[in-house]
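Below you'll find the structure, written out as structure tokens, and then a few comments.
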Amino acid sequence: MTPILFLPGTGASPDFWKPVGERLPSDWPKEYFGWPGLGDQPPDPSIQGYDDLKQLVAAKMGAPVDLVAQSMGGVIAARLAIEQPEKIRRLVLCTTSGGVDMQDFGAGDWRADYRKSYPNAAAWVTAERSVPPVPVERIAAPTLLIWGDVDPISPLAVGRHLEQRLPKAKLEVVAGGNHDLARTHADQVARLIAAHLS
């Protein structure tokens, strides 16, 4: 079985994807990542930016994997899919930016609220332009895009934009889904992911 690596957003908790993962077949191997120094996760001096998080995931990709990623985790997943296409069988990007300029799509600025919620999180995560553009056209893996229709952080227009740019992408829209739809709509999200990974 192909291992599934679950990547959270800036909330960084390895528990974020567990409601979805627990609804997938029990014999599918799963690994849930947390991001050191972000959210409430303890810091690691070796993690100083997105490239370090990318290396953290790459170290677990000895054989082909499926990547399931939310929000900022989707930027890391997209980069890995471009840089190591032979290691990515299938990709799921959920309410992410994919490395596009979110201001072009009317996205709300999440950073002030994030700082209130996680005052001890590493400063680099909320730095201006902390995520450079990603050439998503180069992603070869079949990609499932999951978006909510009421997400102010990553509006549905971003998902539609990425569906047009990725060569093997399919967009699924979760009615009433906000940025945390993997938690609030875990049954529906799990069904979509199970069908894609099967």
| Quick one: how many residues across the stretch 166-198 are under 25 Å from Arg111 (Cβ atoms), in contact (Cβ under 8 Å) with a residue 24 or more places away in the chain, open to solvent by 30 Å² or more (accessible area, probe 1.4 Å) and not in a loop (DSSP other than H, G, I, E, B)? | 1
| task | Determine the pairs where a residue that is over 23 Å from Met1 (Cα atoms), located within the stretch 49-61, has a partner that is at pLDDT 95 or above and assigned to a loop (DSSP other than H, G, I, E, B) with Cβ atoms under 6 Å apart, the partner being 6 or more residues away or on another chain. | result | Leu53/Trp35
| field | Of the criteria (1) open to solvent by 10 Å² or more (accessible area, probe 1.4 Å); (2) of a type outside the set (D, E, K, R); (3) within 30 Å of Met1 (Cβ to Cβ); (4) in contact with a strand residue (DSSP E or B) (Cβ under 9 Å, 6 or more places away or on another chain), which one Leu145 fails | value | (1)
| said: I'm checking my understanding of the structure. Among residues of the stretch 101-110 that are open to solvent by 60 Å² or more (accessible area, probe 1.4 Å) and either closer than 19 Å to Lys54 by Cβ or part of a helix (DSSP H, G or I) (or both), which one is modelled with the highest pLDDT? | reply: Asp104
| message | Quick check on the stretch 111-134: of everything there that is in a loop (DSSP other than H, G, I, E, B) and modelled with pLDDT of 90 or more, which residue is least open to solvent (accessible area, probe 1.4 Å)? | response | Ala121
| field | Selection count where residues are over 16 Å from the mean Cα position of the chain (by Cα), crowded, with 17+ Cβ neighbours inside 10 Å and small (Gly, Ala, Ser), scope the stretch 1-53 | value | 1
| field | Cross-chain or 6+ apart pairs with Cβ under 8 Å, the stretch 1-28 first and closer than 20 Å to Gly49 by Cβ, then acidic (Asp, Glu) and surrounded by 16 or more Cβ atoms within 10 Å (Cβ to Cβ) | value | Leu5/Asp66
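Need at least 3 residues that are touching a helix residue (DSSP H, G or I) at 6+ places or on another chain (Cβ under 8 Å), among the aliphatic types (A, V, I, L, M) and closer than 19 Å to Gly148 by Cβ per element, so show me which strands (runs of 3 or more DSSP E) inside the stretch 1-100 make the cut, counting only ones lying wholly within it.
88-94
The values are calculated or read from the model by the stated rules, or taken from the named source; none is laboratory data. Please read all numbers here as calculations on a predicted model, not as lab measurements. Glycine gets a Cβ as well: all are built from the backbone with ideal geometry, and neighbour counts include every protein chain shown. To get the accessible areas, we keep the full protein, side chains included, count just its heavy atoms, and leave off ligands, DNA and RNA. Shrake-Rupley method; radii C 1.70, N 1.55, O 1.52, S 1.80 Å.
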